[in-house]
1. Over 30 Å between Cα atoms: which of LYS260/LYS308; LYS119/LYS208; LYS71/LYS119; LYS68/LYS124 fall into that group?
2. Would you mind working out the magnitude of the charge dipole of the chain relative to its Cα centre, with +1 at each Lys and Arg C-beta and -1 at each Asp and Glu C-beta, to the nearest 20 Debye?
3. Principal axis extents for region 140-293, Cα atoms only, whole Å, descending order, please.
4. I need to check one value: relative contact order of region 84-339, counting alpha carbon pairs closer than 8 Å and at least 6 residues apart, in percent.
5. Would you mind calculating the relative contact order of region 135-239 from Cα pairs under 8 angstrom and at least 6 residues apart, reporting the percent as a whole number?
6. Would you kindly state the longest site-free stretch of the chain, with sites defined as chymotrypsin sites (Phe, Trp or Tyr not before Pro) in a DSSP loop (not H, G, I, E, B) surrounded by at most 11 other Cβ atoms within 10 Å?
7. For the chain, set up a Gaussian network in which alpha carbons nearer than 10 Å are linked by springs, and say which option among PRO266, PRO257, PRO204 fluctuates the most.
8. Quick check: convex hull of the Cα atoms in the chain, volume per residue, rounded to a whole Å³?
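Every number in this text was worked out from the coordinates using simple rules, so none of it is lab data. Being a predicted model, the structure only gives us computed values, none of them experimental. Here the Cβ is made from the backbone with ideal geometry for all residues, glycine too, and neighbour counts use every protein chain on show.
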Amino acid sequence: MIVVLALDTPQEVLDAVRDRIESHPGLTAQVFNGVQRIVVGVLGSIPPDLKDELEVIPGVTEVVPISKPYKMASREFHPDNSTVTVGDAVIGGPEPIIMAGPCSVEDEEQMVSTAKAVKAAGAKVLRGGAFKPRSSPYSFRGMGVEGLELLSIASKETGLPIITEVMSPADVDTVARYSDILQIGARNMQNYNLLDEVGQLDKPVMVKRGLAASYEEWLLAAEYVMAGGNTQVILCERGIRSFESSTRFTLDVAAIPVIKRLSHLPIIGDPSHSTGHWYLVSPVALAIIAAGAHGLLVEVHPNPDVAKCDGPQSLTFENFRSMMDQVKAVSGVTRIMAATT
Ligand code: PEP
Ligand code: MN
């Protein structure tokens with residue numbers, strides 16, 4: 001349920017609304033100052049008479065029940081788009097933000113050269129996995145904390161903020177010390193203990209869509225993080241399982257406009273894991289941007305042939321530059337169309 005008030009509502013009225021909500025055990029009030037109105041969100045199990053109790057408070061414009069099972073992540077709760085800022089990147093704003101780097105951190109030279117190359121081509125965030133979820137226990141599973149140190153060196157050299165995956169609740173504090181955005185991987189989208197843990201942070205979290213997750217399940221995963229108090233959440237469409245084997249997964253391009261209707265959270269797309277092949281990354285990246293996504297997560301490696309993980313889907317520096325030129329052209333057209341329709 002949300003309580004809608006005018007922008008110039010006096011503090012006493014806001015306090016009265018909050019007190020009324022929080023007089024019910026288990027309910028909390030969350031205030032959002034929007035562009036056109038103030039919205040107070042009611043979190044918890046709503047008692048039947050609460051709507052009537054709040055409607056009679058002078059100054060309350062409207063009390064609207066939220067129909068979706070996810071509340072804080074819903075567009076009903078927060079009608080304006082939300083943005084997440086890291087470094088000089090605003091994710092959720094008009095400019096698509098490109099996050100790029102290798103699948104996994106391998107050594108200092110690989111990280112620093114990739115960071116410099118992707119920055120020069122226009123990327124605003126550096127990616128690199130130190131804790132890798134692998135289908136086989138015998139595959140390279142990442143360098144762990146040593147990998148985080150190398151990410152940090154590359155970040156200091158270039159000024160690029162870092163996104164990296166955290167796989168276990170026990171590692172959240174360590175990964176948070178080294179990163180600017182914590183990534184929840186597709187396989188962990190429904191690891192509720194992990195979502196609870198990152199919900200305690202004051203640091204952005206990117207929730208990738210699970211391999212077979214519906215939009216509702218995905219938004220409920222975001223809701224877990226937000227319910228813990230962390231509202232800096234980004235979503236990432238990375239493809240879902242289908243019967244098709246020419247691509248690694250099937251990118252669900254409709255997820256982008258649908259999620260933008262259902263939620264105020266920024267959404268980006270991953271053309272690397274969704275396709276599995278470097279030669280499909282650019283065309284799918286363009287489709288993601290044309291569909292209105294707020295950015296991309298792209299794998300780039302100095303020498304994909306010898307990458308320890310996901311070489312076949314990694315772009316060379318040159319291919320990344322060429323993709324960026326095309327992305328800039330398409331995002332320019334998308335912006336003109338958005339402004340004129
Ligand atoms: C990744 O981005 O490094 C990754 C493992 O992706 P996903 O969780 O989408 O498979
Ligand atoms: Mn990868």
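1. Table pairs above 30 Å Cα-Cα are LYS260/LYS308; LYS71/LYS119; LYS68/LYS124.
2. For this selection, approximately 880 debye.
3. Reported extents, whole Å, longest axis first: 37, 34, 27.
4. Working: 559 pairs, mean separation 48.9, N = 256.
Averaging sequence separation for qualifying contacts and normalising by length gives 19 percent for region 84-339.
5. Normalised by residue count, the contact order of region 135-239 is 21 percent.
6. 1-137
7. In this elastic network of the chain, the residue with the biggest mean-square fluctuation among PRO266, PRO257, PRO204 is PRO257.
8. Normalising the Cα hull of the chain by residue number yields 143 Å³.
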